[in-house]
Amino acid sequence: MKKIIIASVVLVLAVWVMKECGNKKVSVIADKTDSEKMVTVDYKCDDNKTIKAIYFNDKVELQLSDKRNMLLIQGISASGTRYTNSDQSVILWSKGNTAMIEESGKNTFNNCSESRSEESI
């Protein structure tokens, strides 16, 4: 009986994640040591730049094509979602299927959109 309940909870969670993420290329992370990971989204940007964003409940871990990694905390935004470092010198803006990174007032990753694969979720 316990296994049926656990399987039902996992199934409901999987359906919710697919509904919330739509057609985004995502990876659901089922790691007990870091259970707050939600989804991973890959973005392709201008100038052949890429962003791998691992979204958590209130922060995002970024892996940039220039080999930098950073952790940003969710901030206040009137529209879309905004993540920033402590001194707000780096900001990830995302809205719908798009994103951009602003560093020290300059857009460094522009016109980023979710990269799609032939796989479906």
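Throughout, read-outs are computed from the coordinates displayed, never taken from laboratory work. From a predicted model like this one, the values you see are computed outputs, not experimental measurements. Cβ: placed from backbone, ideal geometry, glycine included. Neighbour counts: every protein chain shown.
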Taking a crude spin-label model, label points 7 Å out from Cα along the C-beta direction, the Lys59 to Asp87 distance in nm is 1.9
Separation between the Ile73 and Asn97 pseudo-spin-labels, each 7 Å from Cα along Cα→Cβ, expressed in nm? 3.3
